[in-house]
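What follows is a short report on a single structure.
The values are calculated or read from the model by the stated rules, or taken from the named source; none is laboratory data. Keep in mind it's a predicted model, so treat the numbers as computed, not measured. Neighbour counts run over all protein chains shown; Cβ positions are idealised from the backbone, glycine included. Keep in mind that these areas ignore ligands, DNA and RNA; they rest on the heavy atoms of the full protein, side chains included. Shrake-Rupley method; radii C 1.70, N 1.55, O 1.52, S 1.80 Å.
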Amino acid sequence: MVSKRALSIKPSGIREIFEMATVDAINLGLGELDFEPPKEAREAYKEALDQDRNRYGPTKGIDPLRKKVAAKVQRYRGDITHDNIIITASGTQGTMATFQTLFERGDEVLIPEPGFVLYEPDSVLCDAAPVPYPLSYEDRFQPDIEAIKERITPRTRGMVVNSPSNPTGSVLSFESFKALKDIAQDHDLWIISDEVYEDFIYSGKHHSFNEVIERAVVLNSFSKSFAVPGWRIGYLTAPLELVNHISNMQYHLVACPPTPPQFALAKVFDMQGEFVKKLVPTFMRRRKAMVDGLNEIEGFHCHLPEGAFYAFPSFSQGMPSRDMARKLVASGVICAPGTAFGEMGENHLRFSYAASEENISKGLAIVKRVVEGL
Ligand SMILES: Cc1ncc(COP(=O)(O)O)c(C=O)c1O
């Protein structure tokens, strides 16, 4: 009835848990901010509608927004201009357009595991083979450089990097960043760098692959950094030789990104830094509450994540993470099983601290009771 392609992609392991949840479950599974966007952003959206910005726009996005983005990205690489930027209809769609542009049958793409849910299906959907490389608890989820080198073959064409990471919350160290750059250079690989959490860093520093834009596509989004995941607007940076190809692919996926939110975001773009800066202390408090609480649970071990808003504890109860997450949701707490992010996520759970301190504390009390009662 449906194509082999449709059957080749698995349903989300996070969705399953959400579907089991009752309405009053405590949600520590959320992948979005629990804040509304600034009032000015909402006003600017309404204004865009009132100014009749309701038509198709350019496939690469509107120039005023591309120029604002370029000015931000120039902090990493001075010669990037708006010609390197494509506004996308979300990070998700930008990722799809990039994979479809770069990879094809016979190619191998290195992807982090545990890693965000798009990279495997996006590889499969362009007939390329995803080749997972490990991020392990013991290495504080920094990429295992030797393991990456071992996985490189003459067919390897690209390497996906995600820092700060979903689901681990780790931030690439300078050493890892440098090693990955060298690998890409030595083996002539494209780097696809997903930097949607770049503004959510609590310790360490963000190293952006915009620095090596000649061999990278850097994916970003307004979903997290402006709390507008429902607006479906992201952006990517690419070398000039790729921009028209990705834009051509984007045309056939969505024609153009949505017009009204682009005008709104161009208008309020300069507020974005302040908006996130104000949230960071709240997230640092929540992070501490989450990690301290998790480490008090028997058999749980959790590093202090350096970025994003996820904690990724290991647990030693010997139960599959899917069963553990199902047990927890049946008791009223939503979290994501580690295997939703690949097999190497086994024996882990992902907890989001985009939740109030009160809910973190209530939720973890339930987790402790359920886990210690096993
Ligand atoms: C690592 C990562 N990349 C990309 C995305 C996609 O974001 P969006 O499609 O909302 O722009 C997400 C969303 O959760 C994410 O966590």
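Things to note:
- R0 of 25 Å, Cβ-Cβ distance Asn295-Glu358: FRET efficiency to nearest 0.05: 0.80
- The calculated FRET efficiency for the pair Ser8 and Asp323, based on their C-beta separation and a Förster distance of 25 Å, comes to about 0.45.
- Top of Ile80, Ile334, Ile297 by mean-square fluctuation, Gaussian network on the chain, Cα under 10 Å: Ile297
- Counting heavy atoms of the protein chains alone, Ser223 has an accessible area of about 10 Å² for a 1.4 Å probe.
- Counting only protein heavy atoms and a 1.4 Å probe, the range 301-374 has 36 square angstrom of accessible area per residue.
- Relative contact order (%) - criterion: Cα under 8 Å, at least six apart; region: the chain: 25 percent
- Apportionment of accessible area to carbon and sulfur, the chain, percent (1.4 Å): 51 percent
- Extending 7 Å from the Cα toward the beta-carbon at both Ala21 and Arg75 defines two label points whose distance is 3.2 nm.
- Antiparallel bridge percentage (DSSP; both residues within the range 53-271; nearest 5): 35 percent
- Rounded to whole numbers, the Karplus 3J(HN,Hα) couplings from phi for the range 162-170 are 9, 9, x, 9, 9, x, 8, x, 7 Hz, using 6.51 cos²θ - 1.76 cosθ + 1.60 with θ = phi - 60°, and x at Gly and Pro.
- Placing a label point 7 Å from the Cα of Arg140 along the Cα-to-Cβ direction, the residues of the range 281-308 with a backbone N closer than 12 Å are 303-307.
- Long-range amide H partners of Glu113 with built H, under 5 Å: Tyr133, Leu135
- Only protein heavy atoms count here; on that basis, with a 1.4 Å probe, Arg157 has an accessible area of about 90 Å².
- Each part reduced to its alpha carbon centroid, the range 77-105 and the range 256-298 end up 23 Å apart.
- Under the span-like rule (Cα at least 24 Å along the axis, Kyte-Doolittle mean at least -1.0), DSSP H helices of the chain: 272-295
- Number of Lys-Lys pairs in the range 53-271 with C-alpha atoms under 27 Å apart and a separation of 8 or more places or on different chains: 26.
- Computed accessible area, Cys126, all protein chains, 1.4 angstrom probe, square angstrom: 10 Å²
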